[in-house]
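Below is the structure I would like to discuss, written out as structure tokens.
The values are calculated or read from the model by the stated rules, or taken from the named source; none is laboratory data. On a predicted model such as this, the values are computed, not experimentally measured, just so you know. Here the Cβ positions follow ideal geometry from the backbone for every residue, glycine too, while neighbour counts run over all protein chains shown. Side chains are part of the model used for accessible areas, which takes the heavy atoms of the whole protein and leaves out ligands, DNA and RNA. Shrake-Rupley method; radii C 1.70, N 1.55, O 1.52, S 1.80 Å.
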Amino acid sequence: MFSADFDRSQHTLKSRLWGVFLGSLVMIAIPLAVVNPNTMTVTLPCLLLALVISSYFRGGLGNLRPSFGAVSTSAAVFLGYGMLSALWAERPVTALAWPLLSAVTAVCCGIAVRNFLAEPRRNILHIGEGVWVGMLIGLIYLALEISSHQWIKLSLFNYLHLGPDDLKPRDHFTWDGVRITRIDASDLTKNIAPIPSLIWASLLAIKGTLRPRTSTFVMLATLALAAWVVGISENETAKVAFAGGAFIFLVATLRKHWSERLLQMGWVIACLAIVPISLAAYRANLHNAAFVQPSLQHRFIMWNRTAEEALKSPVLGIGAGMTYWKYDASHELHENEKYPRNLRDVHNSYLQIWYELGVIGATLLCLFGLAIIQRFKTLPDKIAPFAHATFVSIAATIGSTWGMWRPWFVCTFAFATVLFAIAIRSMIRRDGTPGLPAPLD
């Protein structure tokens, strides 16, 4: 594939080899992230290594220097405070390690963004095509798995003769002797999780690499496929994140300043008001309400418990990552509660920050998000809706699933940022545009 923006005689394959190489890596990394999100902890460093090597051979190592602005500074302060919490945490090494790992991921993300923005257009077209082709491959895989009751995975596991001790969680698998006969649909929940965060960068990359008429058709087809895959899955958080992203995309398309206000207001409420909201929802008996989905009922119970614990150390918190150690593994049911209140993951990163880092950490997280929203104001109107949708999808995802510091979880959002940088660069037609790093040879 190669866009009609350049003719092949002027830009030979030799001049585009780095673009083909990097684009191929991106195209492979995205389906792998869908097949198994844990792979992002490997593919993201591999992608960074490939960028460093390509920069070395093209004389672009200067792009490896850190660039400090409001977003990077606020992220550094937030993660720095998380590492500082090791001073009062029960497990200092753990409290230091989780934010440190996230900080390393953030630095890698920043380097990758800076390097991709420096790619000349002849290369970024290939890399951008790698983004949306990889997303299409991942969506098609999920569509086939869901519609065939995970025939691909079932056949592979049986071919490899995997037993009950090799597969977790065990209750997702039904056995007939030594063969797996059925895999529960909920086993795909984690596979669906990255879709809402990555889809908007993929759509923007389509717009930036294809001709207008073709791009509109491919964008609509990709969006429809993603909506169908998420819609028929059992990942309710992904459905909310996808729908929220689509809503804010429409608002930003019609009135960009309305969307910016909604982002600011929603982010402040999520970061600073989540504790009273969680306590009020529990006292309104929503955890037993018949109209509330069972998984959400369970979340109301967990969130109430976490909010109550957060109020015991409201200023400093108990230390980063301590949530994973301060929980009751017995799963004992409390009065008037149908589900255990203690799980290893809080399933709400805003509450987890309150619990672990207190009001100081929640405020720093709030400022980090507001800095990102402020940065969106510099984006052109044709790009801003995609950025707003990505932000909302990520904000919704961290508000209702898994835990703040899990490596694959952090890498998902770093990967989304990198892909969005690729998509933005694909929308810029001229090399050497002001505001971009100097283009690589």
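Does T181 meet the test of being in contact with an Asp or Glu (Cβ under 8 Å, 6 or more places away or on another chain) and of a type outside the set (G, A, S)?
Answer is no for this residue.
Further question: Is there a residue in the range 165-172 that is surrounded by 12 or more Cβ atoms within 10 Å (Cβ to Cβ) and modelled with pLDDT under 90? Working first, answer last.
Within the range 165-172, the subset surrounded by 12 or more Cβ atoms within 10 Å (Cβ to Cβ) is 167, 172.
Those left that are additionally modelled with pLDDT under 90: 167, 172.
Looking through the range 165-172, at least one residue is surrounded by 12 or more Cβ atoms within 10 Å (Cβ to Cβ) and modelled with pLDDT under 90.
Please state which one of L25, L48 is farther than 15 Å from P194 by Cα, modelled with pLDDT of 95 or more and not small (G, A, S).
L25
If you don't mind, there's one more thing I want to ask. Scan the range 331-341 and tell me whether some residue there is assigned to a helix (DSSP H, G or I) and within 19 Å of L279 (Cβ to Cβ).
no
Please identify the pairs in which a residue from the range 268-293 that is part of a helix (DSSP H, G or I) has its Cβ atom under 6 Å from the Cβ atom of a residue that is open to solvent by 20 Å² or more (accessible area, probe 1.4 Å), counting only partners at least 6 apart or on another chain.
Final answer for the pair search is V275/W354; S278/W303; A281/F300; Y282/F300; L286/F300; H287/F300.
If you take the residues in the range 80-101 that are surrounded by fewer than 16 Cβ atoms within 10 Å (Cβ to Cβ) and outside any helix (DSSP H, G or I), which one is modelled with the lowest pLDDT?
Restricting to residues being surrounded by fewer than 16 Cβ atoms within 10 Å (Cβ to Cβ) and outside any helix (DSSP H, G or I), the top hit is E90.
Hey, another quick one. Would you be able to say whether some residue in the range 180-190 is touching a strand residue (DSSP E or B) at 6+ places or on another chain (Cβ under 7 Å), over 20 Å from P37 (Cα atoms) and not basic (K, R)? Can you show your working first?
Of all residues in the range 180-190, those touching a strand residue (DSSP E or B) at 6+ places or on another chain (Cβ under 7 Å) come to 180-183.
From what is left, the residues that are over 20 Å from P37 (Cα atoms) are 180-182.
After this cut, where a residue has to be not basic (K, R) as well, the list is 180-181.
For the range 180-190, residues touching a strand residue (DSSP E or B) at 6+ places or on another chain (Cβ under 7 Å), over 20 Å from P37 (Cα atoms) and not basic (K, R): present.
Looking at the range 128-154 only, could you name the residues that are open to solvent by less than 40 Å² (accessible area, probe 1.4 Å), in a helix (DSSP H, G or I) and over 30 Å from L204 (Cβ atoms)?
K153, L154
Identify, please: which residue in the range 107-127 is hydrophobic (A, V, I, L, M, F, W, C) and open to solvent by less than 10 Å² (accessible area, probe 1.4 Å) and is, among those, farthest from P45 (Cα to Cα)? Lay out the reasoning, then the answer.
Quick first cut of the range 107-127, residues hydrophobic (A, V, I, L, M, F, W, C) only: 107-109, 111-113, 116-118, 124-125, 127.
Okay, now just the ones that are also open to solvent by less than 10 Å² (accessible area, probe 1.4 Å), so 112, 116, 118, 124-125, 127.
Details: A112: 10, F116: 15, A118: 19, I124: 20, L125: 22, I127: 17 Å.
Looking at residues that are hydrophobic (A, V, I, L, M, F, W, C) and open to solvent by less than 10 Å² (accessible area, probe 1.4 Å), I get L125.
Also: Being in a helix (DSSP H, G or I), open to solvent by 30 Å² or more (accessible area, probe 1.4 Å) and over 30 Å from L142 (Cα atoms) is true for just one of V77, V42. Which residue is that?
After applying the criteria, what remains is V77.
Quick one: in the range 265-294, which of the residues that are out of contact with any Leu (no Cβ under 8 Å at 6 or more places or on another chain) and under 18 Å from Q374 (Cα atoms) is most open to solvent (accessible area, probe 1.4 Å)?
M265
Given the criteria at positive phi and touching a residue at least 12 places away in the same chain (Cβ under 8 Å), does W402 qualify?
yes
Checking the condition in contact with a strand residue (DSSP E or B) (Cβ under 8 Å, 6 or more places away or on another chain) and over 22 Å from V26 (Cα atoms), which residue from W151, W175 passes?
Numbers: W151 fails: in contact with a strand residue (DSSP E or B) (Cβ under 8 Å, 6 or more places away or on another chain).
When all the criteria are applied, what remains is W175.
Does any residue of the range 173-184 turn out to be touching a Ser or Thr at 6+ places or on another chain (Cβ under 9 Å), free of Cβ contacts under 8 Å to residues at least 40 places away in the same chain and surrounded by fewer than 13 Cβ atoms within 10 Å (Cβ to Cβ)?
yes
Kindly indicate whether V104 is within 20 Å of T412 (Cα to Cα) and loosely packed, with under 15 Cβ neighbours inside 10 Å.
So V104 passes the test.
Restricting to the range 297-318, name every residue that is assigned to a loop (DSSP other than H, G, I, E, B) and either surrounded by fewer than 22 Cβ atoms within 10 Å (Cβ to Cβ) or at positive phi (or both).
L311, K312, S313, P314, V315, L316, G317
Which ones in the range 219-231 are surrounded by fewer than 20 Cβ atoms within 10 Å (Cβ to Cβ), among the aliphatic types (A, V, I, L, M) and touching a residue at least 60 places away in the same chain (Cβ under 8 Å)?
Across the range 219-231, the qualifying residue is only L225.
A quick yes/no check of all residues on (1) open to solvent by less than 30 Å² (accessible area, probe 1.4 Å); (2) in contact with a strand residue (DSSP E or B) (Cβ under 8 Å, 6 or more places away or on another chain); (3) at pLDDT 95 or above:
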| residue | (1), (2), (3) |
| --- | --- |
| I394 | no, no, yes |
| W402 | no, no, no |
| F409 | yes, no, no |
| T417 | no, no, yes |
| I428 | no, no, no |
| T433 | no, no, no |
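Also, quick follow-up: In the range 233-259, how many are within 19 Å of S400 (Cβ to Cβ) and either touching a Phe, Trp or Tyr at 6+ places or on another chain (Cβ under 6 Å) or part of a helix (DSSP H, G or I) (or both)?
Qualifying residue count for the region: 13.
Can I ask one more? Within the set of pairs 6+ apart or on separate chains, which have a first residue in the range 232-248 that is more than 12 Å from I199 (Cβ to Cβ) and among the basic types (K, R), a second that is open to solvent by 20 Å² or more (accessible area, probe 1.4 Å) and in a helix (DSSP H, G or I), and C-beta atoms under 9 Å apart?
Short answer, once both residue conditions are applied: K239/G231.
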